[in-house]
Every structure is written in C-alpha cells, then in structure tokens.
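Below: the structure, in structure tokens.
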Amino acid sequence: MFDFLIPFAGGLGLFLVGMMLMSDGLVGFASGALQRGLIRFTGTPFKAMLSGGLITMLVQSSSATTVTLIGFVSAGLIGFAQAVGVLIGASLGNTATGWIVAGLGLKVNLGFYTLPLVGIGAFMKLLARGRWQALGMAMAGFGLMFLGLDTLQQAMKQIAGLFNLASLPTGGYGARIAVMLIGLAMTAVMQSSTAAIATTLAALHAGAINFDQAAALVVGAAIGTTMTGVLSAIGGTIHAKRTALAYVLFNAAAGVIAIVLLPLFHQVIDWLGVHAGLDAGASSLAAFHTLFIAVGVIVFLPFAGPFARYVERLLPDGAGLASARLDDTLLALPAVALEASERALEQLADEALAIYDGRLRDQASDDLADRLRQFDREINRVYDFVGRIEVPADDDRLVAPRIAQLHAIDHLLRFRTRLHDLLQVRTELSGADFGWAFEASQRIIDMAKAGLRSHELGSVIDEMELAATGLTAQARQMRQDALRHAPAGQPNVVEALQRTDCFRWIERSAHHIWRMSHYLAQGRVSRQKGRLPPMAHPPLDAEGAG
C-alpha cells in the first residue's frame, strides 16, 4: 500500500510546492507591471475580464489575482463592477494550467529535463538580488512542479492497477453531483484547484477514471477554488467579502451550467476531436474546463454591472467607516496599502471638518460628541494600519507618501484634541464675539472639503495658508483685546478666559486643517512623481508640529 501512497503524496506535495514557488516568484518578479496593467486595463468589464485572464495565466494563480484585486477595490483604484470582470477573467485564465499539464506534463517526461531549472533557480534565489531572486524562485518552482507531476503520474498508474476508481458514481445527474462534491472536497483539502485538476488529469491519463467522472471532478475543483477566497474573507473588509461572494456565485453558476449541459459539452468535445484534431483524454478534459468557464463568461459578462450591484445589495456597506477599506491583506502590497490608507485619511479629514463645521454653527453637542467618539475609534485604527505598512527604506516612491501620511495623522490627532476642547465648553461660537473668526474658518473648511472630495488639495494649499495665517494674527489681537477689556470679578474673568481659549482653539484648528491638507496633498504628489516634493516655508507651530 505504501508503494503507491508515498509517491502519490510526495508527487502531489512537490506539485503544490512548485506551484506556490512559481506563483510567488512570478508575482515578485513582475508584480509592479502586473498591478499597473490591472489598473490601466479595467475601464470596461470586457477589458477587466481580459486583464484578469492574462494576469492569472502569467502568474499561474487565481488566488494572487484575487488578493491583488481586493486591495485595488479597497483602495478605490477600481470599481466593483470592474472587479467582477477581473474575477470572471481570472476563472478563465485559471484553465491555462490544465492545458500545460495535459499538453506537456503528461505527454513528455519533463521532470528529468526540468531538474536543472531547480538548481539554477535555487542558486539565483541565494546569490541574486531584487527581482532576480524572485525569478529564480519561479524557475525552481516550475521545475519542481513537473517533477511532482511525473511522480504523481507514476503513482496514478499503480492506483489504477490496484483500485477500480471507475466504480465511482456515474450515469446521471445525481452521480455527477456526487462526483462534483468529491472534486470540491479535494480542492478544499489541497487548497489548490490546480493540484486537484492535475490529479484528475493524471488519473484520466492513467485510465483510473472515465471522462464523465473526470469532468464532474473538474467542475467541483472549479467551484472549490473559491474556498481559499472565502476563508481569507472571513473577518476581512466588506470589499474582501464582496469579492469572495462574487467569485463563489460565478464559479458555482458556471459549474451548474457544466453539470446540466454535460451531454452537450460531450458533443462539442467529440466534434473538436473530429474536426480540430483534439486528442482524447487529458487534452479533451482541459478543453472541457475552458469551455464551460467560457460559457459562464459569455452569460455573466454582459451583466457585470447589474451582477456587481446585486452582490453589493447582498452585502451592503451600511456603516461607511473609513477603516472599512483597510484589509490586512493589503499589507503585502505596500503601494496599494498606502493608497487605501490615503483615502481613509481623506475620509477621516472630511468627517473631522464636518464635526468642526457643526460646532462653529452650534449644532446639538450630543450628536457631535457621538460622531467625535466614532472618529476617535476610526483614526486609531487607521493609525495602527499605517504603522504596519512596511516599505523599503531606499524606495522614495513609497517612503515619501508614508512619511506624509504620518504627518497628516499627527495633525488630525491634534485637530481632534481641539475638537474635544471646543465640545467641552458651552460657549456659543455663532455669537457676535466670534463673528470675526466664523467667515475665515468657514472659508478654510470649504476649501479643504472641496479639495478632499476632488482629490485636488494641492490646488488650494496656498490659499488655505494665507487664510490660516491671517486668522492666526487676528486671533492673537482678539485675545489681547478680550483680556485687556475683561470686566472685574472672578465670574467675568473666567468667562473671558474661556472665550480667549476658544479663540486659541479656533486658531489652532485652522492651522491643523491647513497642515493636514498639505501633507495629504504631498502624499498624492509624491506617488505621482516618485519623490517627496519640497515644502515651501515649513513653519513650526506652537504645539511642535510642522
């Protein structure tokens, strides 16, 4: 018994390790280009589908595409409708591995000839630097994958001689569904649809199962591949959950179509065998896998927009929290993580401005206090996330925006302190004593809000600086006048001091709004230019923040 179990387990393990190394290596070698391509070519669902398919074929991992996709949606780089197109394309691109296994791995003994790649790749991983290390890992993974496939194929021949796997259920929809569930379970256990499909192809090539059973196993593997996304989405953001749900629904629907129309697919495969020279066996199974996913693409792609909206209704984002876009999976993609945290900070800044505006207009203090407590929780979460983003110390393209974000958080925290101060006093800020400050403060708030919502803060920074500087000078004069003319008596002096404190807090608030806007704008400019732009006249405020 161990004569076939050991090579079966070892071959499967080598294949899995090879796939992981090859996928991780290819992603590391070309991740920047692939990420830019994924963002650039997702303008329409059709382009998004092509992008998802091509990238999945290149990196040989739908999971890598899905994780990257979750990051882009969370960061707001692409919309969810485009994400659905990428998911559909990823499912189609995932069928390419079956063709590689069927066309090369089972027909030619590549395991022996790819052994040098394992050695070369290992030396590159140890001795090279940067992207070439990742390429070496990919080469070693490619060699291990085919070495494992050869071992797996030999084990399947022994299994075919000892066990009659053809006795698995066959001959009806109930039997097909039962075998499909076996394929789903295989994929869930292996955590790789590619490994499950490769095992199925090897079993079919060895004659251990018939085509009908192999087809049902492949359908189960296609559905089971979504389990990795489901598991990773548990406890994740709403974007991760929506992406996982859309992936499950598409693959499940394509699988149902394949099971229901399996006799029709048989006829198409037979026709291709006669008229297109398609080989029977493993190649026909790879063609079946591509065909039923392609039918799913044809059915779903025209309705990508409505399908995306349906998924959004199933999983609504009711809270609208800034931290909802920050998923820990983004930390593996520092550039995307920084984009997501930038947008979260912009959302927090907008909420802080709304609270401040409400306080200046003397809105209900209880409502503002509740919003400020929620703001406290959110900024702490965003601060924690930004603190965990790891960027190479020599990469200014990433270091610069991270530094800018930390400065922006610093001013947001100081602005929050001023908001707490203003909410704790009962002074009416809309009264005549504060009329001089209301207009200037409102102008600064309006400029910041407009810049945040258009992501064009840089265009209003100079004007905000002038307004904040003017308000500072005016506040200092008003404090001196208020204290000089304060009536005698302790109650009156206390009231005058509270009023001058409010003058100071309004002055500081204007300064922090200007500075946080400056640093949020810096983060965006530095990502566009790849460097941190110089800052003109960086004054140091009285609280020690630049």
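Some notes on this structure:
- Scan of region 411-437 for residues that are touching an Asp or Glu at 6+ places or on another chain (Cβ under 8 Å), farther than 13 Å from A349 by Cβ and either among the charged types (D, E, K, R) or not assigned by TED's automatic domain parsing to the domain that holds A521 (or both), ordered by number: D421, E428
- Yes/no for L413 being within 30 Å of L326 (Cα to Cα) and surrounded by fewer than 20 Cβ atoms within 10 Å (Cβ to Cβ): yes
- Given (1) polar (S, T, N, Q); (2) surrounded by 22 or more Cβ atoms within 10 Å (Cβ to Cβ); (3) out of contact with any helix residue (DSSP H, G or I) (no Cβ under 6 Å at 6 or more places or on another chain), index of the condition S341 fails: (3)
Yes or no, residue by residue, for (1) part of a helix (DSSP H, G or I); (2) more than 17 Å from A332 (Cβ to Cβ):
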{"position": "F385", "(1), (2)": "yes, no"}
{"position": "V391", "(1), (2)": "no, no"}
{"position": "L412", "(1), (2)": "yes, yes"}
{"position": "T417", "(1), (2)": "yes, yes"}
{"position": "D421", "(1), (2)": "yes, yes"}
{"position": "T427", "(1), (2)": "no, yes"}
{"position": "S430", "(1), (2)": "no, yes"}
{"position": "G435", "(1), (2)": "yes, yes"}
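- Restricting region 342-383 to residues that are β-branched (V, I, T) and under 24 Å from the mean Cα position of the chain (by Cα), the residue that is nearest to H420 (Cα to Cα): I379
- Residues (β-branched (V, I, T) and either farther than 15 Å from A102 by Cα or in contact with a helix residue (DSSP H, G or I) (Cβ under 7 Å, 6 or more places away or on another chain) (or both)) located in region 256-296: V256, I257, I259, V260, V268, I269, V274, I293, V295
- Among the residues of region 422-462, those that are farther than 16 Å from D357 by Cβ and surrounded by 14 or more Cβ atoms within 10 Å (Cβ to Cβ) comprise V425, T427, D433, W436, H455, L457, G458, V460, I461.
- S441 of a type in the set (S, T, Y) and not in a helix (DSSP H, G or I): no
- From T290, T243, T228, residue being surrounded by 15 or more Cβ atoms within 10 Å (Cβ to Cβ), assigned to a helix (DSSP H, G or I), at pLDDT 90 or above and not aromatic (F, W, Y): T290
The values are calculated or read from the model by the stated rules, or taken from the named source; none is laboratory data. Here the structure is a predicted model, which means the values were calculated and not measured. A quick note on method: Cβ atoms are made from the backbone with ideal geometry, for glycine too, and the neighbour counts reach across all protein chains shown.
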